[in-house]
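What follows is a set of notes on a single structure, which appears directly below.
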Amino acid sequence: MLNAELRQIIFFDTADLKLSRSGVVVRARRTPKGGDTVVKLRPVQPAQLSKELRRSTSFSVEVDAMRGAVVCSGSLKGRTGNDEVKSVLQGKRSIRKLFSSEQRALYRKYAPKGLDLDSLRPFGPVNAVKLKWTPPSFTRALVAELWFYPDGSRLLELSTKCRPMKAFHVLAETRIFLKKRGLSLNGNQQTKTRKALEYFLHENRDNKK
């Protein structure tokens, strides 16, 4: 745990989560290595995306495997500064300036019409720790990311990387590895993003009462 990387995650959406309900997630992070940003499409069919996007070195495809479901998402990443993210949270900087021109173009293509980046509001931050290691008797590196939500609840995500053609083989291999170590895969599961946005949605509603 002492080698884990600390992170702060901030999401941007409308008060009723209109953006995420349309399948678009906008996020910024502050880390010891500097800030970064993501415009994510979820769910997504990789084959239906443009060749230019799929060939971008800033674009990656992820597979979220949960009980009874496997969902693909595509993330276009960018770099920013920790101070820039902080300025946005303080209302001193516009949201759109955190994102690259490539990210803004992707956002305009998939976000609901008329919903520009600067009309969104920040949700967060959520604190998290990330640790990368290779467990004994496992052939590939795993990444553990533990999120601490403001209400005291936590969520742990385990992930690994592989080439697209090996995705489902690695998924099966990883599930077997976890089951052998007594980890149940049948509990209540959801993505980090969904849990965070639902928390802030309920908090927003409670504050209006």
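The values are calculated or read from the model by the stated rules, or taken from the named source; none is laboratory data. For clarity, every value in this text was computed on a predicted model and none was experimentally measured. We place every Cβ from the backbone using ideal geometry, glycine too, and count neighbours over all the protein chains shown.
Which condition number does A15 fail, the rest of (1) surrounded by 18 or more Cβ atoms within 10 Å (Cβ to Cβ); (2) part of a loop (DSSP other than H, G, I, E, B) being met?
Answer for A15: the failing condition is (1).
Among the residues of the stretch 118-148, what is the count of those that are buried (at least 16 other Cβ atoms within 10 Å of the Cβ), at pLDDT 90 or above and touching a helix residue (DSSP H, G or I) at 6+ places or on another chain (Cβ under 9 Å)?
The total comes to 9.
Limited to the stretch 50-72, what total is found for residues that are out of contact with any Ser or Thr (no Cβ under 9 Å at 6 or more places or on another chain), at pLDDT 90 or above and not basic (K, R)?
5
Taking N186 as meeting all but one of (1) at pLDDT 85 or above; (2) over 15 Å from the mean Cα position of the chain (by Cα); (3) under 17 Å from A69 (Cα atoms), write down the number of the exception.
Of (1) at pLDDT 85 or above; (2) over 15 Å from the mean Cα position of the chain (by Cα); (3) under 17 Å from A69 (Cα atoms), only one is false for N186: (1).
Would you be able to say whether some residue in the stretch 167-184 is small (G, A, S), in contact (Cβ under 8 Å) with a residue 60 or more places away in the chain, surrounded by 13 or more Cβ atoms within 10 Å (Cβ to Cβ) and under 28 Å from E203 (Cα atoms)? Write out each step before concluding.
Here is the first cut: in the stretch 167-184, the residues small (G, A, S) are 167, 172, 182, 184.
Pick out the ones that are also in contact (Cβ under 8 Å) with a residue 60 or more places away in the chain and you get 167.
Right, trim to surrounded by 13 or more Cβ atoms within 10 Å (Cβ to Cβ) and you get 167.
Now narrow it down to the ones that are under 28 Å from E203 (Cα atoms): none.
No, the conditions are met nowhere in the stretch 167-184.
So which of T193, T174, T160 ends up being more than 20 Å from the chain's Cα centre (by Cα), at pLDDT below 95 and among the β-branched types (V, I, T)? First the steps, then the outcome.
On the way: T193 fails: more than 20 Å from the chain's Cα centre (by Cα); T160 fails: more than 20 Å from the chain's Cα centre (by Cα).
Answer to the selection: T174.
Scan the stretch 51-59 and tell me whether some residue there is crowded, with 16+ Cβ neighbours inside 10 Å and under 21 Å from W147 (Cβ atoms).
no
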